[in-house]
Amino acid sequence: IFWPAYFWLWNGPLSPDVLKSQLRDMAQHDAKSVCVLPMPKEFRPESTANRMDVDYSSPQYFERVKIAVDEAEQLGMNYWIYDEGGWPSGQAAGRVVSTRPDLCGKVMRVDSQNRWTQQSISGRPDILNPAATETFISLTHERYRTAVGNHFGKTIQTVFTDEPSFPAFRDGREIPWTNQGETLFANRYGYTLAERLPTAFAAKLPAKLSENDAQTR
């Protein structure tokens, strides 16, 4: 388990014979730990030329996973699960949002009139919402458990999670947002955070602050 692990990119046709042959080649060269990185066609098609010939997370995909893990077991290898199709983790290659459109990621952005409005981030889930994580786990980890759970704790001892993230804070112009967080904030403090954003990020405030402004700052 302490052996160096190598990324094995699945970015071409997943022929069972080729998968087995490549695993045997790696084992013969003492590359005893592999981490399969699925590269489906929908992952960054504008900058990659992935030719994976089965749909990510489909039954056919998990058939290939089982073939590879079974072969890795026979070769005495360690098989790491990479929990995303491409990266960053948390999206299930767009399937979190396509399964639950209500979990689309959100930001608050300010316009030239200093008005903050909520906007959705196309295709990205709101990972600040626990429901997005639960959906992601059901679409990835749970399906791996169904397909190759008999290898968990043995040939499969590691799951690689790659840089799950939400939109970055942008100097008072854009902040990551989640409606659930707004509800929690209002329940705790008795007012909504959205209504105070202009004060919270104002470059210049009046000399005398109102009670609300002082509370916000």
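The values are calculated or read from the model by the stated rules, or taken from the named source; none is laboratory data. For clarity, every value in this text was computed on a predicted model and none was experimentally measured. Cβ coordinates were reconstructed from backbone atoms using ideal geometry, including for glycine residues, and neighbour counts include every protein chain displayed. Only protein heavy atoms, including side chains, enter the accessible area calculation; ligands, DNA and RNA are left aside. Shrake-Rupley method; radii C 1.70, N 1.55, O 1.52, S 1.80 Å.
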For S33, distant residues with modelled amide H under 5 Å away
Y6, N78
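Would you work out what percent of the accessible area of the chain, with all protein chains in place, is carbon or sulfur (probe 1.4 Å)?
On the way: 6200 of 12270 Å².
C and S atoms contribute 51 percent here.
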Dipole magnitude (debye, nearest 20) for segment 1-127, charges at Cβ of Lys, Arg, Asp, Glu
440 debye
In segment 71-151, trypsin sites (Lys or Arg not before Pro) in a DSSP loop with at most 12 other beta-carbon atoms within 10 Å:
R115
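Given a 1.4 Å probe, how much area per residue of segment 172-217 is accessible, in Å²? Provide the component values of the computation, followed by the final result.
On the way: 3160 Å² over 46 residues.
Per-residue value: 69 Å².
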The chain, Cα convex hull volume normalised per residue, Å³
160 Å³
Could you name the lysines whose alpha carbon sits less than 29 Å from that of K41, not counting residues in the same chain fewer than 8 places away?
K20, K32, K66, K106
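Quick check for you: with a 1.4 Å probe and neighbouring chains kept, what is the accessible area per residue of segment 97-170, in Å²?
On the way: 4310 Å² over 74 residues.
Roughly 58 Å² per residue, with all protein chains present.
Taking only C-alpha pairs under 8 Å that are 6+ residues apart, what is the relative contact order of segment 5-68 in percent? Write out the running numbers ahead of the final one.
Values: 69 pairs, mean separation 28.3, N = 64.
Contact order relative to length: 44 percent.
For a Förster distance of 22 Å, can you work out the FRET efficiency between the beta-carbons of I137 and E182, rounded to the nearest 0.05?
Details: r = 24 Å, r/R0 = 1.10.
That gives a FRET efficiency of 0.35.
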Apply the a/c threshold of 1.5 to the C-alpha gyration tensor of segment 1-47 and tell me whether it is rounded, prolate or oblate.
oblate
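Is the shape of segment 174-217 rounded, prolate or oblate, going by the alpha carbon gyration tensor and its root eigenvalues a ≥ b ≥ c, with a/c under 1.5 for rounded and a/b larger than b/c for prolate?
Values: a/c = 4.21, a/b = 1.60, b/c = 2.64.
Note, shape of segment 174-217 comes out oblate.
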